[in-house]
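Only one structure is covered here, and it is reproduced in the block below.
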Amino acid sequence: MDDIRLVLYRWVGRHGLDANQHAQLLREAGLGQEPAGLQQRLIQGLAVLAAALAAFGLLMWLAANWDDLGRFGRFALLQGLVLLLALAAWLLPRLRAALGLALFLVLGGLFAYFGQTYQTGADPWQLFALWAALGLPLGLALRSDVLLAPWVLVLMAAIALWWQAEAPSIRLFNSHLPAQIRGLQLLHWALLAVPLAFLGRPLRRWTGAGIWSWRLALLLAVGQLSVSALLLLFGGDETVLFSLALLLLAGATFGLARPAHIEIFGLSVLALALNVLLLAGLGRWLLEDHRVEPIASFALLTLVGAGLLSLSVKGLLAAARRQRESEQKLGAAA
């Protein structure tokens with residue numbers, strides 16, 4: 001819409017149109033009207049926000065009256081809310097996504113209270129994994145990013161907590177890294193790919209996932225992979241695994257840069273991660289054993305960082321241009 005508006009402004013200036021003609025031109029182009037579906041989307045957004053705040057408020061009210069309710073009262077209240085929200089989501093199709101989100105949040109509160117009450121000894125990641133597993137059928141039934149995006153957050157939290165529990169020895173500047181950590185690290189990265197594949201384009205006809213839940217999964221996966229790669233580089237001297245992380249990010253960048261699968265948001269996230277890891281690897285090599293004087297090293301890192309940023313921006317602009325040209329060709333063909 002911004003490109004069309006700029007073209008119209010140039011047209012007005014070129015032909016010397018007055019204010020009335022300018023306003024008529026904007027009306028004919030549809031720029032002076034409310035975007036189609038804005039009111040409906042605004043109502044849906046407010047309903048989702050209200051459901052999330054209501055569920056959070058109920059959990060906070062339960063916490064505030066913790067001593068007055070008793071164990072049976074707490075369980076009865078949480079389980080009753082789960083049943084009530086499930087029934088309401090079934091009976092009210094227009095509010096199904098918002099009520100499903102509230103149900104998912106209350107379900108998490110129920111699991112948290114169960115773990116706190118009975119002290120099962122389970123690790124935190126197991127509770128998050130159970131929450132994600134039991135919330136998945138609800139997400140598949142609703143087929144909406146309103147629920148699938150929070151589900152991604154819970155699942156990625158479970159993966160991160162599992163990695164923290166299974167590989168606590170990876171710390172910065174710790175050169176003694178157990179050999180079994182390598183296998184766990186590969187498993188960690190494989191688990192990060194699961195939600196990306198599940199919410200990806202090939203399965204969307206079955207999952208009902210939208211682009212934003214996939215983008216959130218990509219952001220969290222790239223973040224976890226990048227942090228673990230940095231810890232391996234500076235905490236365990238694992239240059240092989242660090243190089244593998246770079247290759248994985250480069251492969252994902254190549255996949256999203258193909259003309260049929262251009263995704264600017266994903267490419268931006270991957271470009272940022274690649275820049276950070278490349279600069280970290282170069283900095284480790286330069287500063288290790290004082291191969292280069294510190295001042296010269298920092299100057300070189302600054303120049304390389306500026307060059308990588310310039311190349312990233314240039315590549316993203318080229319990808320955006322190819323995407324726009326592809327969309328224009330599809331529109332002309334239609």
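Where a number appears in this text, it was derived from the coordinates with a stated rule and is not lab data. All of these numbers come straight from a predicted model, not from anything done at the bench. Positions of Cβ are generated from backbone atoms using ideal geometry, with glycine treated the same way; all protein chains shown enter the neighbour counts.
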Around Ala97, under 10 Å between beta carbons, what's the net of Lys plus Arg minus Asp minus Glu among the other residues? +2
Determine the principal axes of the Cα atoms in the stretch 219-269, then give the extent along each, sorted from largest to smallest and rounded to whole angstroms. 39, 19, 11
Only loop residues by DSSP count here, and only those with at most 12 other Cβ atoms within 10 Å; note down the chymotrypsin sites (Phe, Trp or Tyr not before Pro) in the stretch 225-263 that meet that. none
Can you order the peptides 185-197, 98-110 by their average number of other Cβ atoms within 10 Å per residue, highest first? 98-110, 185-197
Mean Cβ-within-10 Å packing, highest first, puts peptides 271-284, 199-212 in the order 271-284, 199-212
Rounded, prolate or oblate for the stretch 201-294? Axes are the square roots of the Cα gyration tensor eigenvalues, ordered a ≥ b ≥ c, and the cut-off for rounded is a/c under 1.5. prolate
